[in-house]
Amino acid sequence: MKAAEKGDIAAIQSLLAGGANPNSRDERSGETLDCTALMLASNKGHIEACKVLMDAGACRYNRQPRDADGMTSLDAFFKMLQSSGAEGGD
C-alpha cells in the first residue's frame, strides 16, 4: 500500500511480480483503512502507478470498497484525471 501511495512503480511491479493481489485492501488504521492500492495511487495523483495496477487487474469498476469519503477506485481515478487536466473517454 505504501508503494501505491508513493507512486513507486518499481516497488509496485516487484510486489505484483511476487504475487501481491492488486485488489487487496489497506489494513492500516486511519483514513486509508479498506482503501485499495488503486484508490491510494489515484488519490495521490500517481497516473503511472494507476496504469500499472490496472494492467495487473486492479478492479476499477467495482462499486466496493469505498474510502472514508465514500469514493470507489473508479471515482478516485476519474477525480485524479480531472484534476490533472486529462479527459476521460471511451
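The number of residues in the stretch 43-75 being part of a helix (DSSP H, G or I) and modelled with pLDDT of 75 or more comes to 11.
Checking the stated criteria, L33 turns out to be in contact (Cβ under 8 Å) with a residue 24 or more places away in the chain and either surrounded by 15 or more Cβ atoms within 10 Å (Cβ to Cβ) or in a loop (DSSP other than H, G, I, E, B) (or both).
Figure legend. Inter-residue proximity from the stretch 13-26: first residues at pLDDT below 95, second residues among the charged types (D, E, K, R), beta-carbon distance below 7 Å, spacing 6+ or different chains. Indicated pairs: R25/D34; D26/D34. Among the residues making up the stretch 8-30, those that are in a loop (DSSP other than H, G, I, E, B) and over 20 Å from T72 (Cβ atoms) are D8, G18, G19, A20, S29.
Before we move on, is L40 touching an Asp or Glu at 6+ places or on another chain (Cβ under 7 Å), closer than 21 Å to D75 by Cβ and outside any helix (DSSP H, G or I)? Criteria not met by L40.
The values are calculated or read from the model by the stated rules, or taken from the named source; none is laboratory data. Since this is a predicted model, take the numbers as computed values, not measurements. A quick note on method: Cβ atoms are made from the backbone with ideal geometry, for glycine too, and the neighbour counts reach across all protein chains shown.
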